[in-house]
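A short worksheet on the structure shown next.
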Amino acid sequence: MTLIAGKPASFWIDSTPTSTFSPFINNLVVDVAIVGAGIAGLTAATLLKRAGKTVAVIESKRVAMGVSGHTTAKITSLHKLIYADLIQQLGEDKARLYGESNQAAIEQVAQLVKEEQIDCDFSRQSAYTFADSPEQLSQIEAEVEAAIKLGLPASFVKETSLPFPIEGAVKFENQAQFHVRKYLLHLARSIPGNGSYLFDDTRVETVDEDSPCQVQTTRGVLKAKDVIVTTNLPILDQGLFFAKAYPKRSYIVAASIDPAKAPDGMFIGIGEQYRSLRTTPYNDGVLLLIGGESHKTGTVTQTEERYLRLEDYGRTQFGIDTFEYRWSTQDMVSFDKLPYIGKLTPVNNHIYVATGFSLWGMTKSTLSGMILSDLILGRSNPWADLYDATRATPFISETSIKENLDVGKHWIGDRLKGLDESSFADVSKGEGKLLTIDGNKVAAYRDEKGSIHAVSAVCPHLGCIVDWNSAEKSWDCPCHGSRFSCDGQILQAPGVKEMERIQ
Ligand SMILES: Cc1cc2nc3c(=O)[nH]c(=O)nc-3n(C[C@H](O)[C@H](O)[C@H](O)COP(=O)(O)OP(=O)(O)OC[C@H]3O[C@@H](n4cnc5c(N)ncnc54)[C@H](O)[C@@H]3O)c2cc1C
Ligand code: FES
């Protein structure tokens, strides 16, 4: 077994208390129901309550333990490389709206922090996207040119505070970073009261548009005039968002670093081997976060190697020898680089969604809260059309064809794999394996004590075959990113049903 360093937990979660809101009790009517207490849901709830609406946030687990509790939490409109591409694909006007809206989201976070006096280590920082090889330099130059043309606070730099040389970087000034859970737990605490609620430990199973909408939960039905579904990938299949975006997992290791050696700013590289870097206050010192090693969810089994490569980078580039934490998470990547924010389908008038943040959801989910609250309040919003969730989607783009063919391959092809009969004896301690037993696909894990945990390998969402994730000890679905514990419990949407247990 490979030994990975660091506590297997998100620093953000480990350094803050777990929320303890009560579960939902049957029979309640509010103006707006919000499904999911991540940054998208909590921002929408906060803005709507501030505007005088009654809201009920319903969370299947605990507040901000999903993607938002595992992020890197850089708040920036510099999304690696995007502006040169957007200008080419969508034209200058739309690219400008993208930049402007993400800048506005940074200011929205700053305003909430200031007005609500949120103690969340919020600090203004410069953001950099850097090239570490000469071949990458032209992409950086094109990005600087595009960003300046769009009026963004961009410049080209060759010198940074990184302890290694770079070829060049795009620098955006006056961006920000924070402790994401300190921020979100504060927003969560301010929601209950005056007819508004937040419920932990309550899973939403379906939402029916009616007058009012019916939100079916595991603990009864909630009624609301409008419903916002912010479960990262919507649990409702009607909008086909699972076919307009794909799940990407990424990894983070964190180490205490001498403050004198800590880089000043937030950094991200480009290319396959990119690294994402930022620091955060830690005890009396500084914690350095090193991220990277992304891949499509459910397509890599030996995930330990991903952590080991990040550790190796920390050792060689920063001289680190001890790692405090390691964690991973995933986000939905949209095919046209724009998030989906708005109505679930063209025929829905009261069900809204926000998804496809493409690993830059601190600004984009804040933006989704701003847009969705405006739509529900009947106010015009300058960016709503650009991100319209029902827009004509590039189903025939190169990425979407590849990703949807890949889903088809998993749906059909994975069923044909390993048709030979096998037995639980084939599974070693600490290992997860797909077996065929009596003609059924079985996902089996043997724990360190030797006990077998067996579930049907068929994903309860839309029937793909799951794959083992060795570092997180979870079953991950390569089709739309649902994840399950070794006992089949749901770890990540869109799934709303547990995996079928096998005795
Ligand atoms: C490794 C990594 C690093 C990242 N770093 C950055 C960064 O530095 N800057 C940046 O801008 N973005 C970053 N992102 C992206 C950003 O973290 C996400 O886009 C954002 O957190 C998504 O928020 P969310 O509210 O959509 O999802 P979540 O935080 O996952 O919230 C969804 C909530 O819905 C709940 N839920 C699910 N199903 C149900 C149900 N049936 N009923 C009720 N509740 C349900 C979940 O439990 C969860 O709490 C990163 C992403 C990754 C993968
Ligand atoms: S997540 Fe859709 S089939 Fe598994």
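Among the residues here, VAL144 qualifies as aliphatic (A, V, I, L, M) and either closer than 21 Å to ILE87 by Cβ or within 26 Å of the chain's Cα centre (by Cα) (or both). Selection of the stretch 203-230 for residues being polar (S, T, N, Q) and open to solvent by 30 Å² or more (accessible area, probe 1.4 Å) yields THR206, SER211, GLN214, GLN216, THR218. Of the residues in the stretch 171-180, none is touching a helix residue (DSSP H, G or I) at 6+ places or on another chain (Cβ under 7 Å) and open to solvent by 20 Å² or more (accessible area, probe 1.4 Å).
The criterion of being closer than 30 Å to THR72 by Cβ and within 16 Å of ligand 2 (Cβ to nearest atom) does not hold for PHE178. Selection of the stretch 469-478 for residues being within 14 Å of ligand 2 (Cβ to nearest atom) and in contact (Cβ under 8 Å) with a residue 24 or more places away in the chain yields ASN469, TRP475, ASP476, CYS477, PRO478.
Against the condition within 16 Å of ligand 2 (Cβ to nearest atom) and open to solvent by 10 Å² or more (accessible area, probe 1.4 Å), how does ARG483 come out, does it pass? Yes; evaluated as a whole, the condition is true for this residue. Within the stretch 104-117, being touching a residue at least 60 places away in the same chain (Cβ under 8 Å) and either within 16 Å of ligand 2 (Cβ to nearest atom) or open to solvent by 10 Å² or more (accessible area, probe 1.4 Å) (or both) holds for ALA104, GLN108, ALA110, VAL113, GLU116.
Among the residues of the stretch 491-503, the one identified as at pLDDT 95 or above and surrounded by 20 or more Cβ atoms within 10 Å (Cβ to Cβ) is MET499. Note on the stretch 432-475: residues that are part of a loop (DSSP other than H, G, I, E, B), within 27 Å of the chain's Cα centre (by Cα) and charged (D, E, K, R) total 2. In the stretch 298-322, the residue that is most open to solvent (accessible area, probe 1.4 Å) out of those that are away from ligand 1 (no atom under 16 Å from the Cβ) and in contact with a helix residue (DSSP H, G or I) (Cβ under 9 Å, 6 or more places away or on another chain) is ASP321. When ARG391 is tested against the conditions (1) away from ligand 2 (no atom under 16 Å from the Cβ); (2) at pLDDT 95 or above, the lone failure is (2). Residues in the stretch 55-71 that are assigned to a helix (DSSP H, G or I) and either open to solvent by less than 10 Å² (accessible area, probe 1.4 Å) or within 16 Å of ligand 2 (Cβ to nearest atom) (or both): VAL67, GLY69. Here LEU277 does not fit the description of being of a type outside the set (Phe, Trp, Tyr), at pLDDT 95 or above and closer than 30 Å to CYS464 by Cβ. Filtering the stretch 486-503 to residues that are in a loop (DSSP other than H, G, I, E, B), more than 12 Å from GLY432 (Cα to Cα) and more than 9 Å from ligand 2 (Cβ to nearest atom) leaves GLY488, GLN489, VAL496, LYS497, GLU498, MET499, GLU500, ILE502, GLN503. Restricting ASN381, ASN348 to those that are buried (at least 19 other Cβ atoms within 10 Å of the Cβ), free of Cβ contacts under 8 Å to residues at least 24 places away in the same chain and not β-branched (Val, Ile, Thr) reduces the list to ASN381. Only one of the numbered conditions (1) in a helix (DSSP H, G or I); (2) aliphatic (A, V, I, L, M); (3) open to solvent by 30 Å² or more (accessible area, probe 1.4 Å) is not met by LEU81, and that is (1).
Taken residue by residue, the stretch 35-54 has at least one member that is hydrophobic (A, V, I, L, M, F, W, C), outside any helix (DSSP H, G or I) and surrounded by fewer than 18 Cβ atoms within 10 Å (Cβ to Cβ). Among the residues of the stretch 253-266, is any open to solvent by less than 10 Å² (accessible area, probe 1.4 Å) and closer than 22 Å to THR366 by Cβ? There is at least one residue in the stretch 253-266 that is open to solvent by less than 10 Å² (accessible area, probe 1.4 Å) and closer than 22 Å to THR366 by Cβ. Suppose we filter LEU184, LEU137 for residues that are part of a helix (DSSP H, G or I) and touching a strand residue (DSSP E or B) at 6+ places or on another chain (Cβ under 8 Å); which single one remains? That would be LEU137, the only listed residue that is part of a helix (DSSP H, G or I) and touching a strand residue (DSSP E or B) at 6+ places or on another chain (Cβ under 8 Å).
The values are calculated or read from the model by the stated rules, or taken from the named source; none is laboratory data. Just so it is clear, the model here is predicted, and its values are computed rather than measured. Backbone-built Cβ (ideal geometry, glycine too); neighbour counts: all protein chains shown. SASA here: full protein model, heavy atoms, side chains in, ligands and nucleic acids out. Shrake-Rupley method; radii C 1.70, N 1.55, O 1.52, S 1.80 Å.
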